[in-house]
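Nothing in this text is a laboratory measurement; each read-out follows from the coordinates by a stated rule. Fair warning: this is a prediction, and the values are worked out from it, not measured in the lab. As a convention, Cβ positions derive from the backbone with ideal geometry for all residues, glycine included, and neighbour counts pool all protein chains shown.
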Amino acid sequence: MIALTLFGVAAGAWIAAALVAITTATTRAGVLICCALSVLGGAAALGGGVAALLSGTSRVVSAGGSVPVGTMVLQVTSLAGTFATLLGVVAMAIGLYLSRSQKEGSPGTAVYLCAYNLALIASLGVLAAGNVVTFLVAWESMALLCYLLILRRPRSGAVAGGAFWFLALSEVGFVLIVAAFVILAAKTHTMQLDLIAARAHLVPAAWRDTAYLLALTGFGFKAGLVPLHVWLPAAHPVAPADGSAFLSGLIVKLGVYGIALFGFRLLPDGPAWRGVLTMGIGALTAAIGILYAMGERDIKRFLAFSTIENVGIIVTAFGAAMTFLAYGQRLLWAFLLLAGLYHVINHGCYKTLLFLEAGVTEHAAGTRDMDRLGGLARVMPRSGVIAFVGTLGIAALPPLNGFVSEWLIFQGLFQGFRTGSHLVAILIVLAAAALGLTGGLAVYAFVRGYGIPYLGMPRTRGAAEATEAGQPVLGPALLAVACVALAVGAPVVLVGLARAVRTATGVVLRPVLLPGKLTVIPAHTNFSGFSPTYLTVFLLAVLVVPVLIYLAGRPRGGSAVVPVWDGGMLAFKPRMQYSAMTFSAPTRVTFDALYRPSVSVERASDDPAGRSGPVHYESAATPVFERYLYRPVIRAVEWLADLVRPLQSGDVNLYLLYVFVAVLVAYLIAAV
């Protein structure tokens with residue numbers, strides 16, 4: 001009950017914030033009050049999530065009585081508690097960011113802040129839902145409110161297009177999710193989620209498999225699984241930075257939660273092919289996501305594709321867990337669930353941080369184009385440090401939090417030989433290899449993603465004159481602290497996650513916090529061990545060594561400053577630096593068959609003597625799934641719309657004829 005009570009406090013704070021937003025957020029004071037209430041609600045949700053994570057499943061609470069849409073039933077599980085913890089952290093960070101970024105109140109600001117706080121309530125409702133109706137109402141409300149967040153600045157075709165992609169694919173996914181729930185509810189004769197889970201074994205296997213496939217596809221639209229991911233690179237760049245952070249840090253994770261809900265709670269005992277399919281889709285998503293990220297210059301599109309990659313890593317872990325369960329390896333089933341949940345929290349923290357910092361960069365320098373930035377670490381040192389922490393985390397470099405969770409996932413995948421099936425073991429190894437490729441490319445991508453904007457020389461006047469004065473700092477800084485804490489305190493975090501996994505699976509994992517030692521161990525102790533805490537201490541100690549060498553060996557006499565030989569260059573200019581596209585050129589050339597770019601080259605003249613003047617080179621790559629999957633579907637829909645357009649004639653008599661014919665057909669069918 002503690003978790004539900006705290007969730008009630010969070011919902012109350014967000015309702016109050018929404019009311020303040022719609023009534024007084026046209027003033028600066030109203031914005032500050034609204035943001036303060038939003039942060040308070042986030043703190044309460046964080047406390048409720050931790051309580052649910054540690055205490056296990058709460059009892060069912062009903063509210064509202066019998067109404068046309070059903071009774072609102074609430075129940076918090078430890079699985080949902082993990083995601084609610086992330087919800088609280090994200091809400092606090094974005095609330096702190098909004099308090100500085102929304103400096104002037106306006107009617108648009110009021111509507112936006114109201115929609116944002118209501119979206120927080122709807123997201124919390126998804127996690128606290130105890131029956132099908134409550135879940136679906138909260139899910140659809142969340143989607144519609146996020147659509148409004150994307151439309152913050154509607155006077156743009158790109159904004160309208162991005163919002164449409166999000167809403168259209170959300171609705172397609174929603175239909176599939178409804179179908180999955182209807183199958184289970186009809187076969188188990190209940191709408192309550194815990195009863196569906198208890199009776200799922202009574203459902204015929206074919207119907208269980210159908211429900212899972214529908215759920216995987218439906219929630220895959222929201223999670224961004226390939227090829228259902230196209231809304232992310234369309235919607236993230238056009239939404240405000242805080243809206244993009246909310247979408248990527250939390251909303252995408254609700255799609256992951258839906259997959260986990262069906263895979264680990266409602267339909268846990270499935271055949272091996274379910275897990276292999278889920279694992280394969282996850283590995284493909286991870287590889288495709290990072291490969292397309294390498295070709296992006298827009299920071300937010302780059303981060304959107306990176307989100308696709310990280311969702312793929314999480315779903316790979318979940319799929320492998322389901323595969324191990326099918327072969328009786330319950331310990332590895334629980335261990336990979338734990339590793340996947342850890343990566344959910346980690347990715348939510350550092351990806352929210354990076355999207356908020358993308359907003360800071362855009363406000364300060366006036367652009368998100370990497371090739372128009374550079375040298376930001378000098379003029380914006382606080383942002384440079386915060387973004388560097390997030391970059392280390394998302395690149396999975398030790399000792400930051402992304403490395404810990406990805407290392408755990410690899411540890412689980414390397415146990416594939418324990419399935420006893422050579423074919424399945426090979427498939428798990430292939431998935432691990434795909435994640436290995438993804439991890440290497442992720443390091444490459446984020447060296448580019450941080451180095452081009454923050455290091456080197458400014459490429460434009462806007463980058464040279466950028467300043468972080470007045471820019472939001474507290475929200476991103478909170479997330480940077482969370483990333484460090486999740487890394488250094490990994491053994492303690494895993495103890496909490498192990499309790500949640502024990503409640504969800506009934507499996508008691510071997511100790512992940514060794515007595516007297518801050519050491520993380522995998523499910524099988526004879527495989528390997530790791531201590532992120534000790535590693536952090538070691539790396540900090542190593543950093544002291546160069547300082548000591550400098551202090552001991554520096555010259556004691558006078559010094560003189562003289563020019564350094566520079567190879568004969570008179571001056572080093574910004575255009576002589578690597579650009580974002582030239583840095584990623586080797587990858588784009590290697591995977592040219594995937595990108596299939598359209599290239600145009602324009603010369604000022606075709607002088608045979610070679611004096612052709614300026615050359616304008618432009619390359620654009622249309623994602624293969626958009627080219628070969630979505631465009632044909634769009635053309636088919638347009639053709640069908642043109643075909644039925646004559647039916648919409650505007651003649652009332654003709655419409656009455658339609659009604660008469662429809663009633664007549666219905667009567668004949670009933671008579672038969």
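Modelled this way, with points 7 Å down the Cα-to-C-beta line, the labels at Leu213 and Tyr578 are 4.5 nm from one another.
Each Lys or Arg adds one and each Asp or Glu subtracts one; over the other residues with Cβ under 14 Å from the Cβ of Glu140, this totals 0. Helix-only arithmetic for the chain: the sum of -39500 (n - 2.57) across DSSP H runs with n ≥ 4, divided by the residue total, places the mean residue ellipticity at 222 nm at -22500 deg cm²/dmol. Projecting the Cα positions of Pro271, Ala235, Val495 onto the charge dipole of the chain (unit charges on Cβ atoms of Lys, Arg, Asp and Glu, taken about the Cα centre) puts Val495 furthest along the positive direction.
Net length available on complete extension from Ser421 to Val663 is 81.3 nm, with 0.36 nm assigned per residue and the Cα-Cα distance removed. Ordering of 82-88, 282-288, 420-426 by packing is 82-88, 282-288, 420-426, highest average first (other Cβ atoms within 10 Å, averaged per residue). Using the empirical formula 2.2 N^0.38 Å as the baseline, the Cα radius of gyration of segment 344-492 reaches a ratio of 1.24.
Sorted on the mean count of surrounding Cβ atoms within 10 Å across their residues, most packed first, peptides 344-355, 321-332 read 344-355, 321-332. The dipole here belongs to segment 624-671: it is taken about the Cα centre, uses +1 on the Cβ of Lys and Arg and -1 on the Cβ of Asp and Glu, and is about 180 debye. Answer rounded, prolate or oblate for segment 624-671, using the Cα gyration tensor with square roots of eigenvalues a ≥ b ≥ c: rounded when a/c is under 1.5, else prolate when a/b is larger than b/c, else oblate. Oblate shape, in that a/c is at least 1.5 and b/c is the bigger or equal ratio. Among Arg372, Arg459, the ranking by other beta carbons within 10 Å of each residue's beta carbon, starting with the fewest, stands as Arg372, Arg459. Summing Cβ point charges (Lys, Arg +1; Asp, Glu -1) relative to the Cα centre of the chain gives a dipole of roughly 1040 debye. Under the criterion of Cα pairs below 8 Å and six or more residues apart, the relative contact order for the chain equals 12 percent.
For the pair Phe388 and Val182, what calculated FRET efficiency results from E = 1/(1 + (r/R0)^6), where r is the Cβ-Cβ distance and R0 = 51 Å, to the nearest 0.05? The formula returns an efficiency of 0.60 here. The distance linking segment 540-566 with segment 138-177 is 56 Å (Cα centroid to Cα centroid, whole angstrom). The calculated FRET efficiency for Met457 paired with Met1, based on their beta-carbon distance and R0 = 35 Å, is about 0.05. The protection proxy used here, the mean number of other Cβ atoms lying within 10 Å of each residue, ranks peptides 638-644, 592-598, 189-195, 575-581 as follows, highest first: 189-195, 575-581, 592-598, 638-644.
Net charge of the neighbourhood of Gly340, taken over other residues with C-beta under 12 Å away and scored Lys/Arg +1, Asp/Glu -1, is 0. Could you please state, rounded to a whole Å, how far the C-alpha centre of segment 649-672 is from the C-alpha centre of segment 258-304? A separation of 46 Å, based on Cα centres.
Of the listed values (i) 1.03; (ii) 1.15; (iii) 1.00, grab the one calculated as Rg/Rh (Cα atoms, Kirkwood Rh) from the structure here. Of the listed options (i) 1.03; (ii) 1.15; (iii) 1.00, (iii) comes from this structure.
Note on the chain: lysine pairs with Cα distance below 30 Å, sequence gap of 8 or more or different chains, count 12.
If you take the beta carbon distance between Ser62 and Thr467 as r and set R0 to 56 Å, what does 1/(1 + (r/R0)^6) give as a FRET efficiency, to the nearest 0.05? Efficiency computed from Cβ-Cβ geometry: 0.55.
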